[in-house]
Amino acid sequence: MTRSDLVEALASRFNQLTHRDAEYAIKTILDAMGDALVRGHRIEIRGFGSFTVTHRPPRIGRNPRSGESVAIPEKRVPHFKPGKGLREAVDERTAEMQAAAAKGAGR
């Protein structure tokens, strides 16, 4: 799902929202989440998951083409950990889809 797909889903679900309003709402939410992560905050959405920033220390990597050693600087990267509700929902829906596919293939 892309950002534009999310905007379309929001606009179609709530008829009182125009496409522009839905786009603005999604942009506001994503900007707020990005700003919170930049400030080092943790974001937790119950039933969905949590976002944190993890630190990767500097290390020595290897260029796969030449085999030459390359210094990789430290970085801070966002990390998402799915919540229990999301994990269970994905597992349940995946099992249902696989069962339906197996039933359709057995005809």
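The values are calculated or read from the model by the stated rules, or taken from the named source; none is laboratory data. Quantities reported herein were computed from a predicted structural model and do not represent experimental measurements. Glycine also receives a Cβ, built like all others from the backbone with ideal geometry; neighbour counts cover every protein chain displayed. When the accessible area is computed, the model is the full protein with side chains, heavy atoms only, and any ligands, DNA or RNA have been set aside. Shrake-Rupley method; radii C 1.70, N 1.55, O 1.52, S 1.80 Å.
Tabulated values for the structure
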read-out	value
Every pair of residues 6+ apart whose Cβ atoms lie under 8 Å, when the first sits in segment 2-19 and is under 18 Å from L30 (Cβ atoms) and assigned to a helix (DSSP H, G or I) while the second is open to solvent by less than 70 Å² (accessible area, probe 1.4 Å) and among the small types (G, A, S)	V7/A22; E8/A22; L10/A22; L10/A25; A11/A22; H19/A11
Long-range neighbours under 8 Å by Cβ, at least six apart or interchain, first residue within 22 Å of L86 (Cα to Cα) within segment 40-67, second outside any loop (DSSP other than H, G, I, E, B) and polar (S, T, N, Q)	R42/S50; R42/T52; I43/S50; I43/T52; E44/S50
Residue satisfying all of: in segment 52-88; open to solvent by less than 50 Å² (accessible area, probe 1.4 Å) and hydrophobic (A, V, I, L, M, F, W, C); farthest from the chain's Cα centre (by Cα) among these	I72
Given (1) within 24 Å of L30 (Cα to Cα); (2) in contact with a strand residue (DSSP E or B) (Cβ under 7 Å, 6 or more places away or on another chain); (3) at pLDDT below 95, number of the condition G47 does not satisfy	(2)
